[in-house]
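Beneath this line is the structure, given in C-alpha coordinates, with notes to follow.
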Amino acid sequence: MADEGTLREAIASRDKQVTSLLSTPPAAVKAALTDPPYTSESDETRKMSAKVVVKALVAVPEKEIGSVIAGLSGTEQDLLMKYIYRALEGSESSQQLLKWHAVLTEKAGMGCIMRALSESQRV
Amino acid sequence: PSSWTMSVSAARAMFEGGSASPGGGSAGGARSKSGDGPALYSVLKLDDTTKRPMPISCFAMNQDGSMVAFSPNNNEVHIAEVKEGAFNVLHVLSEHDQKVTFVDWAPKTNRILTCSEDRNAYVWDFSDTWKPTLVLLRINRAATYAKWSNNETKFAVASGQKCVAICYYEEESNWWVSKLVEGFESTVLTVSWHASDIAFAAGSSDGTVRLFTAAVKGVDSKPSQIFGPDVSFKKMGTEICVIQTNAWVQDMAFSPSSEVLAYATHDSSVHFLSVPSGAAPSQEGVQSVRCSGLPHRRVLFLAEDTLVAGGHDNNPTLYCLRGGKWAEGKKLDSGTSVKKESSASSSARSAAFKKFEMSSSQGIDDKNPEADAVLTTVHQNAISGLGTCAAWKEGGRSSKVVSVGLDGRLCSWPVPSLEEAMAGLSIGAQV
(Lines give C-alpha, C1' and ligand atoms only; values in the text may rest on other atoms or scores of the structure.)
Protein backbone atom coordinates (compact mmCIF):
# COMPACT_ATOMS: atom_id res chain seq x y z
CA MET A 1 0.00 0.00 0.00
CA ALA A 2 1.32 3.41 -0.87
CA ASP A 3 2.67 5.42 2.00
CA GLU A 4 2.36 8.96 0.71
CA GLY A 5 4.76 10.31 3.28
CA THR A 6 7.59 8.01 2.27
CA LEU A 7 6.98 8.68 -1.39
CA ARG A 8 7.03 12.43 -0.87
CA GLU A 9 10.25 12.20 1.07
CA ALA A 10 11.77 10.23 -1.78
CA ILE A 11 10.60 12.86 -4.24
CA ALA A 12 12.00 15.66 -2.08
CA SER A 13 15.41 13.99 -1.92
CA ARG A 14 15.30 13.41 -5.67
CA ASP A 15 14.51 17.11 -6.07
CA LYS A 16 17.59 18.04 -4.07
CA GLN A 17 19.73 15.70 -6.13
CA VAL A 18 18.46 17.14 -9.40
CA THR A 19 19.06 20.71 -8.20
CA SER A 20 22.64 19.88 -7.40
CA LEU A 21 23.18 18.29 -10.81
CA LEU A 22 21.58 21.06 -12.89
CA SER A 23 24.96 22.12 -14.20
CA THR A 24 25.36 18.80 -15.99
CA PRO A 25 22.02 18.36 -17.78
CA PRO A 26 22.32 14.68 -18.82
CA ALA A 27 23.01 13.60 -15.25
CA ALA A 28 20.19 15.75 -13.90
CA VAL A 29 17.68 14.22 -16.29
CA LYS A 30 18.82 10.70 -15.43
CA ALA A 31 18.54 11.42 -11.73
CA ALA A 32 15.06 12.89 -12.18
CA LEU A 33 13.94 9.74 -13.98
CA THR A 34 14.78 7.39 -11.11
CA ASP A 35 12.22 5.91 -8.74
CA PRO A 36 8.88 6.86 -10.31
CA PRO A 37 5.97 6.99 -7.81
CA TYR A 38 3.95 4.19 -9.42
CA THR A 39 2.28 3.16 -6.19
CA SER A 40 1.14 6.62 -5.20
CA GLU A 41 -2.56 7.15 -4.72
CA SER A 42 -2.41 10.91 -4.48
CA ASP A 43 -2.49 13.26 -7.43
CA GLU A 44 -0.45 15.81 -5.43
CA THR A 45 2.44 13.38 -5.04
CA ARG A 46 2.48 12.67 -8.76
CA LYS A 47 2.42 16.38 -9.56
CA MET A 48 5.41 16.90 -7.27
CA SER A 49 7.26 14.14 -9.04
CA ALA A 50 6.49 15.59 -12.46
CA LYS A 51 7.72 19.03 -11.29
CA VAL A 52 11.13 17.54 -10.47
CA VAL A 53 11.42 16.06 -13.94
CA VAL A 54 10.31 19.29 -15.65
CA LYS A 55 12.95 21.19 -13.65
CA ALA A 56 15.63 18.93 -15.10
CA LEU A 57 14.21 19.08 -18.62
CA VAL A 58 13.98 22.88 -18.97
CA ALA A 59 17.59 23.23 -17.81
CA VAL A 60 18.77 21.43 -20.96
CA PRO A 61 19.62 23.78 -23.86
CA GLU A 62 17.62 23.00 -26.98
CA LYS A 63 20.61 21.83 -29.00
CA GLU A 64 21.50 19.17 -26.45
CA ILE A 65 18.04 17.58 -26.12
CA GLY A 66 18.87 14.98 -28.79
CA SER A 67 22.10 13.86 -27.16
CA VAL A 68 20.52 13.65 -23.69
CA ILE A 69 17.77 11.41 -25.05
CA ALA A 70 20.30 9.26 -26.90
CA GLY A 71 22.03 8.66 -23.59
CA LEU A 72 18.91 7.26 -21.96
CA SER A 73 18.08 3.58 -21.90
CA GLY A 74 14.89 2.25 -23.49
CA THR A 75 13.05 2.07 -20.17
CA GLU A 76 14.15 5.59 -19.27
CA GLN A 77 12.90 6.87 -22.63
CA ASP A 78 9.48 5.29 -22.02
CA LEU A 79 9.40 6.80 -18.53
CA LEU A 80 10.35 10.21 -19.93
CA MET A 81 7.49 10.03 -22.41
CA LYS A 82 5.06 9.25 -19.57
CA TYR A 83 6.35 12.22 -17.58
CA ILE A 84 6.05 14.52 -20.60
CA TYR A 85 2.38 13.61 -20.96
CA ARG A 86 1.83 14.03 -17.22
CA ALA A 87 3.56 17.41 -17.22
CA LEU A 88 1.66 18.59 -20.31
CA GLU A 89 -1.52 18.29 -18.23
CA GLY A 90 -0.44 21.48 -16.53
CA SER A 91 0.18 24.72 -18.38
CA GLU A 92 3.80 25.51 -17.48
CA SER A 93 6.75 24.94 -19.76
CA SER A 94 4.51 23.62 -22.54
CA GLN A 95 6.69 24.92 -25.33
CA GLN A 96 9.81 23.19 -24.06
CA LEU A 97 7.90 20.01 -23.25
CA LEU A 98 6.51 19.86 -26.76
CA LYS A 99 10.03 20.25 -28.13
CA TRP A 100 11.16 17.33 -25.95
CA HIS A 101 8.15 15.34 -27.16
CA ALA A 102 9.01 15.93 -30.82
CA VAL A 103 12.66 14.89 -30.43
CA LEU A 104 11.79 11.89 -28.27
CA THR A 105 9.19 10.64 -30.78
CA GLU A 106 11.73 10.96 -33.56
CA LYS A 107 14.27 8.89 -31.62
CA ALA A 108 12.06 6.35 -29.87
CA GLY A 109 9.23 6.04 -32.36
CA MET A 110 5.46 5.83 -32.07
CA GLY A 111 5.88 2.70 -29.97
CA CYS A 112 7.16 4.88 -27.12
CA ILE A 113 3.97 6.96 -27.21
CA MET A 114 1.84 3.79 -27.26
CA ARG A 115 3.64 2.49 -24.19
CA ALA A 116 3.21 5.79 -22.37
CA LEU A 117 -0.52 5.79 -23.03
CA SER A 118 -1.40 2.13 -22.55
CA GLU A 119 0.74 0.96 -19.65
CA SER A 120 -1.09 0.24 -16.44
CA GLN A 121 1.61 1.75 -14.26
CA ARG A 122 0.81 5.45 -14.40
CA VAL A 123 3.47 7.93 -13.36
CA PRO B 1 3.53 -23.22 -56.39
CA SER B 2 3.18 -20.89 -59.34
CA SER B 3 4.26 -17.30 -58.92
CA TRP B 4 1.93 -14.91 -57.18
CA THR B 5 2.85 -11.95 -59.39
CA MET B 6 0.15 -10.36 -61.44
CA SER B 7 -0.74 -9.53 -64.96
CA VAL B 8 -2.61 -6.36 -66.03
CA SER B 9 -5.42 -5.43 -63.73
CA ALA B 10 -8.98 -4.31 -64.24
CA ALA B 11 -9.21 -2.89 -60.75
CA ARG B 12 -7.64 0.45 -61.55
CA ALA B 13 -10.10 0.98 -64.38
CA MET B 14 -12.91 0.39 -61.92
CA PHE B 15 -11.67 3.10 -59.58
CA GLU B 16 -11.00 5.65 -62.27
CA GLY B 17 -13.90 6.08 -64.59
CA GLY B 18 -16.46 3.55 -63.49
CA SER B 19 -16.18 1.90 -66.88
CA ALA B 20 -17.86 -1.43 -67.40
CA SER B 21 -15.66 -4.25 -66.25
CA PRO B 22 -16.34 -7.73 -64.92
CA GLY B 23 -17.69 -7.04 -61.49
CA GLY B 24 -17.66 -8.36 -57.96
CA GLY B 25 -16.09 -11.69 -57.12
CA SER B 26 -12.40 -11.85 -57.71
CA ALA B 27 -10.16 -9.04 -58.75
CA GLY B 28 -6.83 -8.84 -60.42
CA GLY B 29 -3.92 -7.11 -58.78
CA ALA B 30 -3.44 -3.38 -58.98
CA ARG B 31 -0.29 -1.56 -59.88
CA SER B 32 1.40 1.45 -58.43
CA LYS B 33 2.54 2.67 -61.81
CA SER B 34 0.87 1.50 -64.97
CA GLY B 35 2.82 -0.74 -67.27
CA ASP B 36 6.00 -2.14 -65.84
CA GLY B 37 7.04 -4.43 -63.03
CA PRO B 38 5.17 -7.15 -61.16
CA ALA B 39 2.14 -6.01 -59.16
CA LEU B 40 2.76 -5.41 -55.52
CA TYR B 41 -0.48 -6.73 -54.16
CA SER B 42 -3.78 -8.36 -55.01
CA VAL B 43 -7.20 -7.23 -53.90
CA LEU B 44 -9.15 -10.17 -52.58
CA LYS B 45 -12.70 -8.97 -52.77
CA LEU B 46 -14.44 -5.93 -54.13
CA ASP B 47 -17.73 -4.80 -52.70
CA ASP B 48 -20.50 -5.56 -55.17
CA THR B 49 -22.08 -2.10 -55.14
CA THR B 50 -19.26 0.35 -54.49
CA LYS B 51 -16.51 -1.67 -56.20
CA ARG B 52 -14.06 -0.77 -53.43
CA PRO B 53 -11.82 -3.30 -51.73
CA MET B 54 -13.41 -4.91 -48.69
CA PRO B 55 -11.34 -5.20 -45.51
CA ILE B 56 -10.21 -8.71 -44.69
CA SER B 57 -10.85 -9.51 -41.04
CA CYS B 58 -9.34 -13.01 -40.99
CA PHE B 59 -7.43 -15.28 -43.30
CA ALA B 60 -6.06 -18.81 -43.60
CA MET B 61 -4.22 -20.89 -46.20
CA ASN B 62 -4.24 -24.56 -47.00
CA GLN B 63 -1.19 -26.78 -46.87
CA ASP B 64 0.34 -26.00 -50.25
CA GLY B 65 -0.77 -22.40 -50.64
CA SER B 66 -3.11 -23.22 -53.52
CA MET B 67 -6.25 -22.09 -51.74
CA VAL B 68 -7.08 -19.36 -49.26
CA ALA B 69 -10.02 -18.79 -46.95
CA PHE B 70 -10.89 -15.29 -45.81
CA SER B 71 -13.74 -13.23 -44.46
CA PRO B 72 -14.41 -9.79 -45.98
CA ASN B 73 -15.39 -8.36 -42.59
CA ASN B 74 -18.88 -9.86 -42.64
CA ASN B 75 -20.64 -13.13 -41.88
CA GLU B 76 -19.30 -14.93 -44.94
CA VAL B 77 -16.18 -16.95 -45.51
CA HIS B 78 -14.87 -17.02 -49.06
CA ILE B 79 -12.74 -19.90 -50.34
CA ALA B 80 -10.62 -18.89 -53.30
CA GLU B 81 -8.12 -20.82 -55.34
CA VAL B 82 -4.86 -19.22 -56.36
CA LYS B 83 -4.11 -19.68 -60.06
CA GLU B 84 -1.22 -17.80 -61.63
CA GLY B 85 -1.58 -15.03 -59.14
CA ALA B 86 -5.31 -14.49 -59.58
CA PHE B 87 -7.83 -15.35 -56.90
CA ASN B 88 -10.98 -17.09 -58.08
CA VAL B 89 -13.63 -17.41 -55.41
CA LEU B 90 -14.95 -20.96 -55.63
CA HIS B 91 -17.19 -21.16 -52.59
CA VAL B 92 -18.92 -18.77 -50.23
CA LEU B 93 -19.67 -20.26 -46.81
CA SER B 94 -22.49 -18.37 -45.16
CA GLU B 95 -23.77 -20.37 -42.21
CA HIS B 96 -22.81 -17.75 -39.66
CA ASP B 97 -25.35 -15.07 -38.76
CA GLN B 98 -22.89 -12.46 -37.58
CA LYS B 99 -19.37 -11.33 -38.29
CA VAL B 100 -16.83 -14.10 -38.66
CA THR B 101 -13.96 -13.43 -36.28
CA PHE B 102 -11.47 -16.16 -37.15
CA VAL B 103 -10.75 -18.81 -39.79
CA ASP B 104 -8.26 -21.64 -39.33
CA TRP B 105 -7.43 -24.24 -41.98
CA ALA B 106 -6.18 -27.61 -40.74
CA PRO B 107 -3.43 -28.45 -43.24
CA LYS B 108 -3.35 -32.24 -43.00
CA THR B 109 -7.04 -33.14 -42.62
CA ASN B 110 -8.12 -30.24 -44.88
CA ARG B 111 -10.87 -29.06 -42.56
CA ILE B 112 -11.76 -25.43 -41.94
CA LEU B 113 -12.70 -24.06 -38.55
CA THR B 114 -14.63 -20.79 -38.36
CA CYS B 115 -15.92 -18.91 -35.36
CA SER B 116 -18.06 -15.85 -35.18
CA GLU B 117 -19.69 -13.19 -33.05
CA ASP B 118 -22.87 -15.26 -33.22
CA ARG B 119 -21.37 -17.45 -30.44
CA ASN B 120 -20.98 -20.45 -32.73
CA ALA B 121 -18.19 -22.32 -34.42
CA TYR B 122 -18.45 -24.49 -37.51
CA VAL B 123 -16.16 -27.26 -38.73
CA TRP B 124 -16.26 -27.51 -42.52
CA ASP B 125 -15.41 -30.71 -44.42
CA PHE B 126 -14.90 -30.78 -48.14
CA SER B 127 -16.49 -33.34 -50.45
CA ASP B 128 -17.69 -31.63 -53.67
CA THR B 129 -18.72 -28.68 -51.52
CA TRP B 130 -17.89 -27.48 -48.06
CA LYS B 131 -20.31 -29.03 -45.55
CA PRO B 132 -20.66 -27.41 -42.14
CA THR B 133 -20.95 -29.15 -38.79
CA LEU B 134 -22.19 -26.93 -36.00
CA VAL B 135 -20.20 -27.02 -32.77
CA LEU B 136 -22.21 -26.11 -29.68
CA LEU B 137 -19.69 -24.12 -27.74
CA ARG B 138 -22.15 -23.30 -24.94
CA ILE B 139 -20.86 -19.75 -24.64
CA ASN B 140 -23.11 -16.72 -24.44
CA ARG B 141 -20.66 -14.15 -25.76
CA ALA B 142 -18.87 -13.78 -29.08
CA ALA B 143 -16.12 -16.16 -30.12
CA THR B 144 -12.97 -14.19 -30.89
CA TYR B 145 -10.30 -16.68 -32.01
CA ALA B 146 -10.10 -20.35 -32.98
CA LYS B 147 -7.15 -22.69 -33.54
CA TRP B 148 -6.81 -26.35 -34.49
CA SER B 149 -4.41 -28.34 -32.33
CA ASN B 150 -1.24 -29.53 -34.08
CA ASN B 151 -2.60 -33.05 -34.59
CA GLU B 152 -5.96 -31.56 -35.67
CA THR B 153 -8.07 -33.76 -33.37
CA LYS B 154 -9.07 -30.88 -31.10
CA PHE B 155 -9.48 -27.17 -31.35
CA ALA B 156 -9.66 -24.21 -28.99
CA VAL B 157 -12.06 -21.27 -29.32
CA ALA B 158 -11.47 -18.09 -27.32
CA SER B 159 -14.47 -16.04 -26.33
CA GLY B 160 -15.71 -12.86 -24.74
CA GLN B 161 -17.10 -14.96 -21.92
CA LYS B 162 -13.61 -14.87 -20.36
CA CYS B 163 -13.08 -18.54 -21.18
CA VAL B 164 -11.66 -20.84 -23.82
CA ALA B 165 -13.72 -23.70 -25.22
CA ILE B 166 -11.69 -26.85 -25.91
CA CYS B 167 -13.56 -29.04 -28.39
CA TYR B 168 -12.95 -32.65 -29.31
CA TYR B 169 -14.90 -35.17 -31.35
CA GLU B 170 -16.82 -37.77 -29.39
CA GLU B 171 -17.26 -40.92 -31.48
CA GLU B 172 -20.27 -42.32 -29.61
CA SER B 173 -22.41 -39.25 -30.05
CA ASN B 174 -20.96 -38.29 -33.46
CA TRP B 175 -20.63 -34.77 -32.14
CA TRP B 176 -18.08 -32.13 -31.20
CA VAL B 177 -18.07 -31.72 -27.41
CA SER B 178 -16.94 -28.48 -25.83
CA LYS B 179 -15.38 -28.05 -22.41
CA LEU B 180 -14.95 -24.52 -21.04
CA VAL B 181 -11.67 -23.48 -19.43
CA GLU B 182 -12.18 -20.56 -17.06
CA GLY B 183 -9.70 -18.32 -15.30
CA PHE B 184 -9.44 -15.05 -17.17
CA GLU B 185 -10.80 -11.75 -15.97
CA SER B 186 -11.74 -10.38 -19.37
CA THR B 187 -12.23 -11.30 -23.02
CA VAL B 188 -9.81 -13.92 -24.28
CA LEU B 189 -8.32 -12.61 -27.50
CA THR B 190 -5.92 -15.29 -28.68
CA VAL B 191 -4.99 -18.97 -28.24
CA SER B 192 -2.00 -21.07 -29.25
CA TRP B 193 -1.41 -24.82 -28.86
CA HIS B 194 1.76 -26.27 -27.36
CA ALA B 195 3.52 -28.79 -29.64
CA SER B 196 2.45 -31.61 -27.32
CA ASP B 197 -1.24 -30.74 -27.84
CA ILE B 198 -1.95 -31.39 -24.16
CA ALA B 199 -1.43 -27.77 -23.16
CA PHE B 200 -2.28 -24.42 -24.65
CA ALA B 201 -1.61 -20.75 -23.99
CA ALA B 202 -4.17 -17.97 -24.15
CA GLY B 203 -3.93 -14.20 -23.95
CA SER B 204 -6.60 -11.79 -22.86
CA SER B 205 -7.53 -8.15 -22.60
CA ASP B 206 -6.95 -8.40 -18.85
CA GLY B 207 -3.26 -8.20 -19.72
CA THR B 208 -2.34 -11.77 -18.80
CA VAL B 209 -1.05 -14.78 -20.64
CA ARG B 210 -2.02 -18.08 -19.06
CA LEU B 211 -1.11 -21.66 -19.85
CA PHE B 212 -3.62 -24.43 -19.21
CA THR B 213 -3.67 -28.21 -19.49
CA ALA B 214 -5.90 -29.71 -22.12
CA ALA B 215 -5.47 -33.47 -22.10
CA VAL B 216 -8.64 -35.30 -23.08
CA LYS B 217 -9.16 -38.95 -22.24
CA GLY B 218 -9.80 -40.98 -25.32
CA VAL B 219 -8.41 -38.36 -27.69
CA ASP B 220 -4.89 -37.84 -26.30
CA SER B 221 -2.48 -40.53 -25.25
CA LYS B 222 -1.42 -40.63 -21.60
CA PRO B 223 0.24 -37.26 -20.88
CA SER B 224 3.80 -37.09 -19.59
CA GLN B 225 4.97 -34.55 -17.01
CA ILE B 226 6.21 -32.02 -19.53
CA PHE B 227 5.97 -29.13 -17.08
CA GLY B 228 7.46 -30.93 -14.15
CA PRO B 229 5.96 -33.05 -11.35
CA ASP B 230 3.87 -30.17 -9.94
CA VAL B 231 1.62 -29.85 -12.97
CA SER B 232 -0.98 -32.57 -13.21
CA PHE B 233 -2.86 -33.28 -16.41
CA LYS B 234 -5.66 -35.24 -14.72
CA LYS B 235 -8.14 -32.41 -14.83
CA MET B 236 -8.67 -30.50 -18.05
CA GLY B 237 -8.15 -26.78 -17.80
CA THR B 238 -5.74 -26.68 -14.86
CA GLU B 239 -3.87 -23.40 -14.82
CA ILE B 240 -0.14 -23.96 -15.29
CA CYS B 241 1.09 -20.38 -14.96
CA VAL B 242 0.06 -16.73 -15.22
CA ILE B 243 2.30 -14.18 -16.89
CA GLN B 244 1.52 -10.49 -16.46
CA THR B 245 1.84 -7.94 -19.22
CA ASN B 246 1.04 -4.26 -19.35
CA ALA B 247 -1.61 -4.19 -22.03
CA TRP B 248 -4.05 -6.27 -24.10
CA VAL B 249 -2.50 -9.38 -25.60
CA GLN B 250 -3.29 -9.13 -29.30
CA ASP B 251 -1.84 -12.35 -30.71
CA MET B 252 0.45 -15.17 -29.69
CA ALA B 253 2.26 -18.13 -31.21
CA PHE B 254 4.39 -21.00 -30.01
CA SER B 255 7.66 -21.49 -31.87
CA PRO B 256 7.89 -24.68 -33.97
CA SER B 257 9.59 -26.55 -31.12
CA SER B 258 7.35 -24.84 -28.54
CA GLU B 259 10.36 -23.73 -26.54
CA VAL B 260 9.34 -20.09 -26.93
CA LEU B 261 5.94 -18.47 -26.70
CA ALA B 262 5.82 -15.12 -28.48
CA TYR B 263 3.00 -12.67 -27.86
CA ALA B 264 2.36 -9.13 -29.07
CA THR B 265 0.74 -6.68 -26.69
CA HIS B 266 -1.02 -3.43 -27.40
CA ASP B 267 1.70 -1.31 -25.80
CA SER B 268 3.86 -1.77 -28.89
CA SER B 269 5.90 -4.62 -27.46
CA VAL B 270 6.57 -8.18 -28.45
CA HIS B 271 7.44 -10.56 -25.64
CA PHE B 272 9.17 -13.94 -25.76
CA LEU B 273 8.47 -16.36 -22.93
CA SER B 274 10.79 -19.28 -22.57
CA VAL B 275 8.85 -22.52 -22.08
CA PRO B 276 11.37 -25.06 -20.89
CA SER B 277 10.49 -28.72 -20.53
CA GLY B 278 10.34 -29.93 -16.96
CA ALA B 279 9.16 -26.72 -15.29
CA ALA B 280 6.28 -24.30 -15.55
CA PRO B 281 7.11 -21.02 -17.32
CA SER B 282 7.53 -17.99 -15.07
CA GLN B 283 7.66 -14.18 -15.29
CA GLU B 284 11.48 -14.28 -15.19
CA GLY B 285 11.54 -16.16 -18.46
CA VAL B 286 10.06 -13.23 -20.39
CA GLN B 287 12.20 -11.21 -22.79
CA SER B 288 10.43 -8.04 -23.90
CA VAL B 289 11.28 -6.21 -27.09
CA ARG B 290 10.04 -2.63 -27.37
CA CYS B 291 8.77 -1.92 -30.88
CA SER B 292 9.63 1.34 -32.54
CA GLY B 293 6.26 1.61 -34.23
CA LEU B 294 2.59 1.05 -33.56
CA PRO B 295 1.26 -2.17 -31.98
CA HIS B 296 1.12 -5.44 -33.86
CA ARG B 297 -2.08 -7.39 -34.44
CA ARG B 298 -0.75 -10.71 -35.69
CA VAL B 299 2.40 -12.74 -35.13
CA LEU B 300 3.67 -15.80 -36.95
CA PHE B 301 6.82 -17.88 -36.55
CA LEU B 302 8.75 -18.33 -39.78
CA ALA B 303 11.52 -20.40 -38.21
CA GLU B 304 12.72 -21.25 -34.73
CA ASP B 305 14.63 -17.96 -34.54
CA THR B 306 12.50 -15.67 -36.71
CA LEU B 307 9.10 -14.19 -35.99
CA VAL B 308 7.10 -11.91 -38.29
CA ALA B 309 4.61 -9.48 -36.79
CA GLY B 310 2.19 -7.19 -38.61
CA GLY B 311 -0.23 -4.61 -37.37
CA HIS B 312 -1.03 -0.94 -37.29
CA ASP B 313 2.27 0.02 -38.89
CA ASN B 314 0.97 -1.61 -42.08
CA ASN B 315 4.40 -3.17 -42.40
CA PRO B 316 5.37 -6.77 -41.50
CA THR B 317 8.35 -6.62 -39.14
CA LEU B 318 10.78 -9.42 -38.36
CA TYR B 319 12.01 -10.26 -34.88
CA CYS B 320 15.10 -12.39 -34.71
CA LEU B 321 16.90 -14.39 -32.07
CA ARG B 322 20.63 -13.85 -32.00
CA GLY B 323 22.97 -14.88 -29.24
CA GLY B 324 20.09 -15.79 -26.96
CA LYS B 325 18.46 -12.36 -27.28
CA TRP B 326 15.44 -11.37 -29.34
CA ALA B 327 15.53 -8.05 -31.13
CA GLU B 328 13.57 -6.10 -33.70
CA GLY B 329 14.84 -6.80 -37.18
CA LYS B 330 14.08 -5.64 -40.67
CA LYS B 331 10.71 -4.46 -41.90
CA LEU B 332 9.62 -6.42 -44.95
CA ASP B 333 8.23 -3.35 -46.72
CA SER B 334 11.05 -0.95 -47.47
CA GLY B 335 8.57 1.78 -48.28
CA THR B 336 10.10 2.41 -51.67
CA SER B 337 7.87 0.35 -53.91
CA VAL B 338 4.80 2.55 -53.92
CA LYS B 339 5.41 5.43 -56.30
CA LYS B 340 3.55 8.69 -56.02
CA GLU B 341 1.02 8.98 -58.78
CA SER B 342 1.04 12.08 -60.91
CA SER B 343 -2.23 13.86 -60.26
CA ALA B 344 -2.49 15.01 -63.85
CA SER B 345 -3.29 11.53 -65.11
CA SER B 346 -6.26 10.84 -62.83
CA SER B 347 -9.68 12.14 -63.71
CA ALA B 348 -11.29 14.99 -61.79
CA ARG B 349 -13.90 12.64 -60.35
CA SER B 350 -11.39 10.24 -58.84
CA ALA B 351 -9.28 13.10 -57.58
CA ALA B 352 -12.30 14.44 -55.74
CA PHE B 353 -13.06 11.02 -54.28
CA LYS B 354 -9.47 10.67 -53.14
CA LYS B 355 -9.41 14.03 -51.45
CA PHE B 356 -12.37 13.27 -49.23
CA GLU B 357 -11.29 9.69 -48.62
CA MET B 358 -7.84 10.76 -47.49
CA SER B 359 -9.14 13.49 -45.23
CA SER B 360 -11.42 11.08 -43.41
CA SER B 361 -9.20 8.03 -43.26
CA GLN B 362 -5.80 9.65 -42.82
CA GLY B 363 -6.47 13.21 -41.68
CA ILE B 364 -4.80 14.79 -44.70
CA ASP B 365 -6.57 18.00 -45.59
CA ASP B 366 -6.71 19.79 -48.90
CA LYS B 367 -4.68 22.73 -47.61
CA ASN B 368 -1.53 20.77 -48.39
CA PRO B 369 -2.02 19.24 -51.84
CA GLU B 370 1.55 17.93 -52.06
CA ALA B 371 1.00 15.64 -49.08
CA ASP B 372 1.09 12.03 -50.14
CA ALA B 373 -2.42 10.80 -50.61
CA VAL B 374 -1.04 7.30 -50.46
CA LEU B 375 1.03 5.78 -47.64
CA THR B 376 4.50 4.67 -48.62
CA THR B 377 3.81 1.10 -47.52
CA VAL B 378 2.04 -1.29 -49.87
CA HIS B 379 -0.62 -1.90 -47.23
CA GLN B 380 -2.80 1.15 -46.80
CA ASN B 381 -4.37 0.00 -43.57
CA ALA B 382 -3.59 -2.29 -40.64
CA ILE B 383 -2.46 -5.85 -41.28
CA SER B 384 -5.09 -8.29 -40.02
CA GLY B 385 -3.63 -11.63 -41.06
CA LEU B 386 -0.33 -13.37 -41.75
CA GLY B 387 0.07 -16.73 -43.40
CA THR B 388 2.61 -19.21 -44.56
CA CYS B 389 2.26 -22.84 -45.55
CA ALA B 390 4.15 -26.08 -45.39
CA ALA B 391 4.92 -25.97 -49.10
CA TRP B 392 6.99 -22.80 -48.65
CA LYS B 393 9.19 -24.20 -45.90
CA GLU B 394 12.76 -25.16 -46.73
CA GLY B 395 14.75 -26.77 -43.96
CA GLY B 396 12.48 -25.52 -41.20
CA ARG B 397 12.40 -21.91 -42.48
CA SER B 398 9.58 -20.32 -44.44
CA SER B 399 10.82 -18.64 -47.58
CA LYS B 400 7.66 -16.67 -48.20
CA VAL B 401 4.99 -15.04 -46.06
CA VAL B 402 1.70 -13.48 -47.06
CA SER B 403 -0.02 -10.58 -45.30
CA VAL B 404 -3.61 -9.39 -45.64
CA GLY B 405 -4.97 -6.16 -44.32
CA LEU B 406 -8.00 -4.08 -43.53
CA ASP B 407 -7.36 -2.38 -46.87
CA GLY B 408 -8.41 -5.62 -48.57
CA ARG B 409 -4.95 -6.19 -50.03
CA LEU B 410 -2.95 -9.39 -50.01
CA CYS B 411 0.82 -8.98 -50.34
CA SER B 412 3.43 -11.65 -50.67
CA TRP B 413 6.89 -11.12 -49.15
CA PRO B 414 10.07 -13.12 -49.60
CA VAL B 415 11.69 -13.83 -46.25
CA PRO B 416 15.31 -12.69 -45.98
CA SER B 417 17.92 -14.84 -44.28
CA LEU B 418 18.68 -14.26 -40.60
CA GLU B 419 21.87 -12.31 -41.39
CA GLU B 420 20.08 -10.03 -43.82
CA ALA B 421 17.24 -9.45 -41.38
CA MET B 422 19.59 -8.34 -38.62
CA ALA B 423 22.11 -6.48 -40.75
CA GLY B 424 22.69 -2.89 -39.82
CA LEU B 425 20.43 -2.92 -36.79
CA SER B 426 21.58 -2.57 -33.23
CA ILE B 427 20.11 -4.62 -30.41
CA GLY B 428 19.24 -1.31 -28.82
CA ALA B 429 15.52 -1.60 -28.41
CA GLN B 430 15.55 -3.85 -25.36
CA VAL B 431 14.02 -3.37 -21.95
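The values are calculated or read from the model by the stated rules, or taken from the named source; none is laboratory data. Everything quoted here is computed from the prediction, not taken from an experiment. Positions of Cβ are backbone-derived with ideal geometry, glycine not excepted, and every protein chain shown enters the neighbour counts. All accessible areas refer to the heavy atoms of the entire protein, side chains included, with ligands and DNA or RNA removed. Shrake-Rupley method; radii C 1.70, N 1.55, O 1.52, S 1.80 Å.
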Considering only residues of segment B:293-321 that are part of a loop (DSSP other than H, G, I, E, B) and away from every other protein chain (no Cβ under 14 Å), which is least open to solvent (accessible area, probe 1.4 Å)?
B:316
Tell me yes or no: at least one residue of segment B:151-163 is in a strand (DSSP E or B), touching a strand residue (DSSP E or B) at 6+ places or on another chain (Cβ under 7 Å) and open to solvent by 50 Å² or more (accessible area, probe 1.4 Å).
no
Subset of segment B:93-107, residues open to solvent by 40 Å² or more (accessible area, probe 1.4 Å) and among the charged types (D, E, K, R), comes to B:95, B:97, B:99
Taking into account only those residues within segment B:269-292 that are within 14 Å of another protein chain (Cβ to nearest Cβ), of a type outside the set (Val, Ile, Thr) and farther than 23 Å from residue B:185 by Cβ, which is nearest to the chain's Cα centre (by Cα)?
B:291
So, in segment A:106-123, exactly how many residues are within 12 Å of chain B (Cβ to nearest Cβ), in contact (Cβ under 8 Å) with a residue 24 or more places away in the chain and within 30 Å of residue B:208 (Cβ to Cβ)?
9
Would you be able to tell me the number of residues in segment A:37-58 that are surrounded by 18 or more Cβ atoms within 10 Å (Cβ to Cβ) and part of a loop (DSSP other than H, G, I, E, B)?
2
The number of residues in segment B:233-256 that are open to solvent by 40 Å² or more (accessible area, probe 1.4 Å) and within 14 Å of chain A (Cβ to nearest Cβ) is 3
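Could you grab me the full set of residues in segment B:133-144 that are in a strand (DSSP E or B) and either in contact with a Cys (Cβ under 7 Å, 6 or more places away or on another chain) or more than 27 Å from residue B:243 (Cα to Cα) (or both)?
B:133, B:134, B:135, B:143, listed by residue number.
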All but one of (1) part of a loop (DSSP other than H, G, I, E, B); (2) touching a Ser or Thr at 6+ places or on another chain (Cβ under 9 Å); (3) within 20 Å of residue A:104 (Cα to Cα) hold for residue A:26; state the number of the condition that does not hold.
(1)
Just wondering, is there one or more residues in segment B:26-39 that are in a loop (DSSP other than H, G, I, E, B) and modelled with pLDDT of 50 or more?
yes
Per the list (1) crowded, with 20+ Cβ neighbours inside 10 Å; (2) in contact with a helix residue (DSSP H, G or I) (Cβ under 9 Å, 6 or more places away or on another chain), residue check on residue B:274 breaks on (1)
What is the number of the single condition among (1) at pLDDT below 90; (2) within 17 Å of residue B:407 (Cβ to Cβ) that residue B:57 does not meet?
(1)
Taking segment B:78-92 and the residues there that are among the hydrophobic types (A, V, I, L, M, F, W, C) and open to solvent by less than 10 Å² (accessible area, probe 1.4 Å), the one that is nearest to residue B:409 (Cα to Cα) would be B:87
Could you figure out which of (1) in a helix (DSSP H, G or I); (2) among the charged types (D, E, K, R); (3) crowded, with 21+ Cβ neighbours inside 10 Å isn't true of residue B:284?
(3)
Filtering segment B:322-333 down to residues that are in contact (Cβ under 8 Å) with a residue 40 or more places away in the chain and assigned to a strand (DSSP E or B) yields B:322, B:325, B:326, B:327, B:328, B:329, B:330
Reported set for segment B:108-138 where residues are surrounded by fewer than 18 Cβ atoms within 10 Å (Cβ to Cβ) and closer than 15 Å to residue B:154 by Cβ is B:108, B:109, B:133
Note on segment A:63-84: residues away from chain B (no Cβ under 14 Å) and surrounded by fewer than 17 Cβ atoms within 10 Å (Cβ to Cβ) are A:63, A:64, A:66, A:67
Yes or no: residue A:103 open to solvent by less than 10 Å² (accessible area, probe 1.4 Å) and away from chain B (no Cβ under 14 Å)?
no
